[in-house]
1. Using a Förster distance of 25 angstrom, determine the FRET efficiency expected from the C-beta separation of Val38 and Leu76, and round it to 0.05.
2. Distance in nm between label sites at Leu61 and Ser114, each 7 Å beyond Cα in the beta-carbon direction?
3. Heavy-atom accessible area per residue, the range 37-79, 1.4 Å probe: how many Å²?
4. Using alpha carbons only, how many degrees (0 to 90, rounded to 10) separate the axis of helix 21-33 from the longest principal axis of the chain?
5. Between Asp106 and Thr54, what is the label-point separation in nm under the 7 Å Cα-to-beta-carbon projection?
6. Using a 1.4 Å probe on the protein chains only, how many percent of the accessible area of the range 6-141 belongs to carbon and sulfur?
7. Return the FRET efficiency for the residue pair Leu95, Arg121: r is the Cβ-Cβ distance, R0 is 25 Å, and the value is rounded to the nearest 0.05.
8. Given the range 1-125, report the % of alpha carbon pairs whose separation exceeds 19 Å.
Amino acid sequence: MTAPVFSDRELEAYLDESLDAEQARRIEDAMRTDATVVARMAQINRMRDTGVHTLGEIWRLHQVGVPDRVVLGQYLLGVLPVEQTAYIDFRMMILKCPYTMALVTDLRNQQAESADKTQRRRGKYYESSAGLLKNKHRPRS
């Protein structure tokens, strides 16, 4: 069985903790058994320590390309143009961008909480007014 080959980009993303869990696990497994992966990781760290950064690394570190919360909210509502929707789908399904996925998950949780609060509020309004409506329709003696 041959050892997996990882690109420098993948190893840099591992160091930035921006890989999905499965890919990070593969790299960790390879580091336990393959000294060349450990040596490459050390080389990347040395380059970082001296201030040498690749363009891709700068993009990842500063999260360039990650849509903001407003755009992702529009994405969840389904009101974005097709091109922007496709871009966000690409970031989540192909790139598996942890930042984008975390923001979308957070926004979905907020939507669910908001819907629960709205439903509880409506229930309280109904319960508080139901007794008043019953009393209005009773014949007075």
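1. 0.05
2. Reported label-point gap for Leu61 and Ser114 is 3.5 nm.
3. It amounts to 65 Å² per residue over the range 37-79.
4. 30
5. 2.7
6. 57
7. Here the calculated transfer efficiency is 0.05.
8. In whole percent, the long-distance tail amounts to 60.
The values are calculated or read from the model by the stated rules, or taken from the named source; none is laboratory data. Bear in mind the structure is a predicted one, so any value in this text is a computation, not a measurement. Reconstructed Cβ throughout: ideal geometry from the backbone, glycine too, with neighbour counts over all protein chains shown. Each accessible area value is taken on the protein alone, full model and side chains, heavy atoms only, with ligands, DNA and RNA left out. Shrake-Rupley method; radii C 1.70, N 1.55, O 1.52, S 1.80 Å.
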